[in-house]
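Worksheet: one structure, shown below.
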Amino acid sequence: MAAVAAEDQKFADHHGFDFKSIRASVEEFSAGEPLRGASTITQQVAKNLYLWPGKSFVRKGIEAYLTVWIELTWPKQRILETYLNIAEFGPGIYGASAASKFFFGKTPAALSDTEAALLAAVLPNPKTYRVDNPSANVMERQSWILSQMQRLQREQWMLRLL
């Protein structure tokens, strides 16, 4: 729930792309703001599992193709499970299980919402953001993620995946 609240709140409802977020990102960039990410969890799975790091139109094109393929052939639970198993949470720390054990000494199922939100807060940039020494920005993001988790729980988000 924390990862979805942090990274892709429309995950249960879209088919691999969040066109509204992509459009907003492009409009903000055109208005002179820094380019922000608009990748869905499925796009991140495609990139992290099959492709190389970096930014290029070729990589983005292949990522789009793989995103469609993943969405057509994998159930949403499998996409989310894969994402949580390959996401980087710190230098050399891959997967929610490894991160939970490393930072909190427990399994992901045993994490509190606050701990899960702190892990999710570093997902946009785990080489800069730190779980073990969170900046004010990470703490603010953790608080926002907790509020989004509560909203998603009220909307019974998990039931839409089943």
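The values are calculated or read from the model by the stated rules, or taken from the named source; none is laboratory data. Since this is a predicted model, take the numbers as computed values, not measurements. Every residue, glycine among them, receives a Cβ derived from its backbone with ideal geometry; neighbour counts consider all protein chains shown.
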Please state which of the following conditions F102 fails to meet, knowing it meets all the rest: (1) surrounded by fewer than 17 Cβ atoms within 10 Å (Cβ to Cβ); (2) hydrophobic (A, V, I, L, M, F, W, C); (3) touching a helix residue (DSSP H, G or I) at 6+ places or on another chain (Cβ under 9 Å).
(3)
Per the filter on region 91-106, residues assigned to a helix (DSSP H, G or I) and either within 11 Å of V131 (Cα to Cα) or hydroxyl-bearing (S, T, Y) (or both) are S97, A99, S100, F102, F103, F104
More than 25 Å from E155 (Cα to Cα), surrounded by 12 or more Cβ atoms within 10 Å (Cβ to Cβ) and under 17 Å from the mean Cα position of the chain (by Cα): which single residue out of S97, S39 fits that description?
S97
Residue pairs, Cβ under 6 Å, 6 or more apart or interchain, first in region 1-24 and over 17 Å from E81 (Cα atoms), second surrounded by 19 or more Cβ atoms within 10 Å (Cβ to Cβ) and modelled with pLDDT of 80 or more. List them.
D18/T40
Condition test on I145, is it closer than 15 Å to I41 by Cα, among the β-branched types (V, I, T) and part of a helix (DSSP H, G or I)?
no
Within region 72-93, does at least one residue satisfy the condition of being surrounded by 12 or more Cβ atoms within 10 Å (Cβ to Cβ), basic (K, R) and touching a Phe, Trp or Tyr at 6+ places or on another chain (Cβ under 8 Å)?
yes
Residue pairs, Cβ under 7 Å, 6 or more apart or interchain, first in region 114-128 and free of Cβ contacts under 8 Å to residues at least 60 places away in the same chain, second assigned to a loop (DSSP other than H, G, I, E, B). List them.
L118/V131; L118/P134; V122/Y129; V122/R130; V122/V131; K127/P91
Could you tell me which of the residues T114, T128 is of a type in the set (S, T, Y) and assigned to a loop (DSSP other than H, G, I, E, B)?
T128
Could you list, in sequence order, the residues of region 42-66 that are surrounded by fewer than 19 Cβ atoms within 10 Å (Cβ to Cβ), of a type in the set (S, T, N, Q) and assigned to a helix (DSSP H, G or I)?
N48
Return yes when A109 is touching a Phe, Trp or Tyr at 6+ places or on another chain (Cβ under 8 Å) and either among the hydrophobic types (A, V, I, L, M, F, W, C) or surrounded by 12 or more Cβ atoms within 10 Å (Cβ to Cβ) (or both) and no when it is not.
no
Within region 67-90, tally of residues that are part of a loop (DSSP other than H, G, I, E, B) and more than 13 Å from A2 (Cβ to Cβ)
2
